[in-house]
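Let me begin by presenting the structure, written as structure tokens, before commenting on it.
None of the figures in this text is laboratory data; all of them are computed from the coordinates on show. All values derive from a computational prediction rather than experimental measurement. Here the Cβ positions follow ideal geometry from the backbone for every residue, glycine too, while neighbour counts run over all protein chains shown.
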Amino acid sequence: MKKLAIMLLVAIMTCAIAVAACAEGDKPFAGTEITVYNWYDYIDLEVLDIFEQETGIHVNYVNFSQNEDMYTRVSTGAGSYDVIIPSEYMIERLMKEDLLEELDLNNIPNLENVLPSLRDPSYDPGNAHSIPYMWGTLGILYNTDMVTEPITSWNALLDERYAGSIFMMDSVRDTLGLALKVLGYSMNSRDEGELAQAGEWLLNQKDAGLVAGYILDQAKDKMVANEAAMAVMYSGDALYAMEKNDKLAYVIPDEGSNIWVDGMCIPKGAANKAAAECFINFMCRPDIAQKNMDYIYYSSPITQVVENLSEEELASTAMNPTEEMVARCEYYNDISDVAYLYDDVWMDILM
Amino acid sequence: MKRSWYATPYALWMLLFAVVPLVFVLWYAFTTPDGAFTLSNFAEFSKPRYAAVIIRSLKLAVYCTALCLLIGYPTAWFLAGRGLNRTQSLVVLILLPMWMNLLLRTYAMMTLLDDNGVINSALAALHLGQIKFIGTEGAVLMGLVYNYLPFMVLPIYTVLKKMDWSVIEAAEDLGANPLRVMSRVVLPMSVPGIVSGVTMVFMPAVTSFAISTLLSNGKLRLAGDLIDYIFNQSSNPNRWNIGSSFSLMMLVLILISIGFLRKVDPDNQGGGLW
């Protein structure tokens, strides 16, 4: 009996010490490992080193270049990830299919740094599953040496003068979305007829020899190298390109466009959820968000970073669109239940 | 230990990574997502867009094979030539590009062929204007030929090297001119090498993937790209089934070409490289 009591005592004391160490130590997850699945070229890699130094958590960093690719790997369990960074419509879909863990917001106090306008979004009420990482718009980046008058409409993509010098995106939602928009429909259309018209618009553009290609990550470098007159592009890539080539300009066309948010989420069954939340919280720290924004040129949703913008940056359509421009834009909604309609039209353009 | 046991590691490897995946492909190709038997996956390919992709793939593969033969045969003939020293190092030069990853080689081609790439910069410096390569069928064809040419040269070289040169001397002694020696003696004797080379170029060319997307800026996609798209990006709930049925059709195409090879070259004299 006495022996048992002593053993119990020892056990309790050991536990107590361990708990105290967890609470007081600043590296509660030291020695653990998380896998972060992010867009290609979408972080300042130095940030990962800082995180590893500060927390002792080792980060496996892997990349994707399309939401749909990422979805395939997450939904089939092809890889196990602790943090993924999909766009809002994909977050909505992953939520619907119960593929995301609910976040413990107590572990992410830095959520209060996020701009109020981007907090508690319609696609994820209360930020229960996602914390905004970067946000931006979709627009046209053009070379002002080759295109002399300012572009205001998506119809510039049909301008014969720039035949063979227009890059479109290899991305079903963005490319079909802009065609829907130019025809006056919603970018979230579920109507077969509307989608068929959008497909026709894009096929006409392709068959007339206007399109230089359907690409994604290479477009910004081609624009920097003056290889094309215009390219459909996310605002962040446009900022990157404009930084390197001052003849480039970015516009959100008058018909309206897409506003997007990439959010940090934890997929169901993540091996190390608490450490993943620690990572998400870390990414919302102003100095870290600033580092990432300086490196990838996308707009950060962190208030302190926005307050730090220079006058030039505040005036930039790509970095800081006006409220009137944002009002013209719409979020993508999850359309996965009618995705086959999009797919059908898109394959006719792509193949 | 019996000699036949030596192949066990290889057999296990093949079982795991060739046979098992093939069974999966077969299973998915003939079932619905619920697991019920169906042939409807194949009906999907009656849609015109698939026909366009297959025709484009076949056309480019045929052009690629023909170009490889036109370039490769004289090269092999030159390498197998009698008076040539250091043949071995020349053969290594042909093989050298194959030591590098296919994607790297294709990226190198992009750098060469880009609108402001190496070739066009040189042309511009000489005031010769600009040639649009990237984004055209020609660029894709160049990429295919560049990547698969060694597969044509090597089997033909092997056959020519093994050829009995006294036969050619006999033809010359009997008064045949060089053209006649080539057409009546050398060419017929090298048929096994040609068949082997043609098959080894045609097969990977018709199923090639990524090269076309990269060199055409995503404008021209081939059968391999289509399969990639169906599996990785399509939102069709049957995508694994449709993708598998398409993969199976490509596999049958390859089996047919192997059958063709066996018929023309029953003793597999064409180097037996595969």
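Summary table
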{"item": "Any chance A:ALA271 is part of a strand (DSSP E or B) and over 20 Å from A:TRP39 (Cα atoms)", "result": "no"}
{"item": "Hits in segment A:331-351 (condition: under 24 Å from A:GLN205 (Cα atoms) and more than 10 Å from every other protein chain (Cβ to nearest Cβ))", "result": "A:TYR332, A:VAL345"}
{"item": "Residue match in segment A:279-287 (condition: more than 14 Å from chain B (Cβ to nearest Cβ) and free of Cβ contacts under 8 Å to residues at least 12 places away in the same chain)", "result": "yes"}
{"item": "Residues being in a loop (DSSP other than H, G, I, E, B), more than 22 Å from A:ALA78 (Cα to Cα) and either within 10 Å of another protein chain (Cβ to nearest Cβ) or in contact with a strand residue (DSSP E or B) (Cβ under 7 Å, 6 or more places away or on another chain) (or both) - total across segment B:208-247", "result": "7"}
{"item": "Any chance A:ASP44 is under 21 Å from A:LYS291 (Cβ atoms), among the acidic types (Asp, Glu) and either surrounded by 16 or more Cβ atoms within 10 Å (Cβ to Cβ) or within 14 Å of chain B (Cβ to nearest Cβ) (or both)", "result": "yes"}
{"item": "Flag for B:VAL181 being buried (at least 23 other Cβ atoms within 10 Å of the Cβ), away from chain A (no Cβ under 14 Å) and out of contact with any His (no Cβ under 7 Å at 6 or more places or on another chain)", "result": "no"}
{"item": "Filtered residues of segment A:143-199 (kept if hydroxyl-bearing (Ser, Thr, Tyr) and in a loop (DSSP other than H, G, I, E, B))", "result": "A:THR144, A:THR148, A:THR152, A:SER153, A:SER165, A:SER171, A:TYR185, A:SER186, A:SER189"}
{"item": "Segment B:27-54, residues that are away from every other protein chain (no Cβ under 14 Å) and either surrounded by 15 or more Cβ atoms within 10 Å (Cβ to Cβ) or of a type in the set (Val, Ile, Thr) (or both)", "result": "B:ALA29, B:PHE30, B:THR31, B:THR32, B:THR38, B:ASN41, B:PHE42"}
{"item": "Qualifying residue in segment B:185-196 (condition: away from every other protein chain (no Cβ under 14 Å) and either among the hydroxyl-bearing types (Ser, Thr, Tyr) or closer than 22 Å to B:THR106 by Cβ (or both))", "result": "yes"}
{"item": "Residue under evaluation A:PHE167, criteria (1) within 23 Å of A:GLU88 (Cβ to Cβ); (2) in contact with a strand residue (DSSP E or B) (Cβ under 7 Å, 6 or more places away or on another chain); (3) not β-branched (Val, Ile, Thr), criterion not met", "result": "(1)"}
{"item": "Any hit, segment B:59-69, residues being basic (Lys, Arg) and within 14 Å of chain A (Cβ to nearest Cβ)", "result": "no"}
{"item": "Residue count for segment A:294-331, restricted to those that are touching a residue at least 60 places away in the same chain (Cβ under 8 Å) and either crowded, with 16+ Cβ neighbours inside 10 Å or within 18 Å of the chain's Cα centre (by Cα) (or both)", "result": "22"}
